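In what follows, a single structure is set out as C-alpha cells and then discussed.
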Amino acid sequence: MSAEKDAFARFLKHFPKGAVLFNEGDEGEEMFIIRSGRVAIKKRVPHGDVTVAVLEKGDFFGEMALLERIPRTAGAEMAEDGDLIVIGSEIFGDMVKNNPEIAVRMLRKYSLRLRETTRQLEDMAKSGGGGTGTGAQPSLATMERAVEGKGTGPNESEAQAYFISKASGNAFPVFRGESLIGRYDSVTGLTPEIDLTNEDSARNISRRHARIVVKDGKPFVAEEIGTMNGTYLNGQKLPTGVLTPIADGDELTLCRLTLTFRLPSKPS
C-alpha cells in the first residue's frame, strides 16, 4: 500500500467539513478516492437535497462523469474534514493499474446496475410493458440479496462453521455453502456474509477480501480478485482465486486480522 500512497501523494487534497465538491448537473472530469473523512452524496428533490449515501475511507465516487462524459448525477459534500485523492482523466489509467481493487469494485458496481436494469426490463415484459410503476426502487444491497438468495437458504439456523476473531473473541457463523469475507461496501451497498467491518477500524481488509466455500462437506477458502493486503492460512500466503482446504483450528489472517476457523461439534 505504501507504493500506491506514494504514487498518488501529489493528487491528495484536504477538504474541510461542508466543502461542496460538486453539484448535481455539473460537468466533471475528475473522480475522487477517500483517504480520510466522510463524504455525503446528495440528490435533488422538490423541497431541497437529500443524502442518499455517506462514503468513507477507501470509497470512490464521481467516476461516471469521468468515464461517460455526462453531467454529475448527484452532488457531493464533505460530511467531515478529510483528505481525498483527486483523479483527472489524464491519470485515470495509471490509477487503475496501481489500484486493482478499485478497478474490480468499479466493474462490480456497473455489473449491479446492469443487473438491476435487466430485472426492470424483465418485469416490464412480464407485465406487458405497462407504465413505470409507482413503487420504490430497491437498493443495490436489496437487489444483491435477492439475486444471490442471501438469507433464504434452507439451513440458515444451523451454522456449517465459525470464524472466531482472536482480537475481540467475536464469532462469525458460516451459514451458506459459499460466503464472502470482507467489509461493508458503501459504494455498491453490499454487505458480505462474514462482515468484519467492526473488527477492522483501520480499514485494512478489502471489502471483498476472501471467500469460504463448503463442497461435499469439506471447507475451502480463497482470496478474492483485487484484494490488496494479502490473505494467509497458518502463515502461508493464499494464491488469488485458488480454493485451499481449511481445517478446524486453522488460522486465517486477512492483512493483520486473524480469525480461528472452527467446525461445529459433532453430536456424540
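The values are calculated or read from the model by the stated rules, or taken from the named source; none is laboratory data. This structure is a prediction, so every number in the text was calculated from the model and none was measured. Backbone-built Cβ (ideal geometry, glycine too); neighbour counts: all protein chains shown.
Let me confirm something: among VAL242, VAL221, which residue is at pLDDT 95 or above and under 30 Å from ASN98 (Cα atoms)?
After ruling out the rest, the residue left standing is VAL221.
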### Task
For LYS97, state whether it is exposed (fewer than 14 other Cβ atoms within 10 Å of the Cβ) and either at pLDDT below 80 or closer than 15 Å to GLU30 by Cβ (or both).
yes
## Note on the structure
Of the residues in the stretch 187-245, those that are closer than 12 Å to CYS255 by Cβ, in a loop (DSSP other than H, G, I, E, B) and not β-branched (Val, Ile, Thr) come to LEU196, ASP200, ALA202, ARG203, ASN204, SER206, MET228, ASN229, GLY230
### Task
Please identify the pairs in which a residue from the stretch 42-71 that is free of Cβ contacts under 8 Å to residues at least 24 places away in the same chain has its Cβ atom under 7 Å from the Cβ atom of a residue that is basic (Lys, Arg) and surrounded by 13 or more Cβ atoms within 10 Å (Cβ to Cβ), counting only partners at least 6 apart or on another chain.
VAL50/LYS42; VAL50/LYS43; THR51/LYS42; VAL52/LYS42; VAL52/LYS43
#### Entry: Search result, residues across the stretch 162-186 that are assigned to a loop (DSSP other than H, G, I, E, B) and within 17 Å of LEU254 (Cα to Cα)
LYS166, ALA167, SER168, GLY169, ASN170, ARG183, TYR184
### Message
What's the number of the only condition in (1) surrounded by fewer than 16 Cβ atoms within 10 Å (Cβ to Cβ); (2) free of Cβ contacts under 8 Å to residues at least 40 places away in the same chain that ILE194 fails to meet?
### Response
(1)
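On the basis of being over 30 Å from ILE41 (Cα atoms) and buried (at least 19 other Cβ atoms within 10 Å of the Cβ), does ARG176 make the cut?
yes
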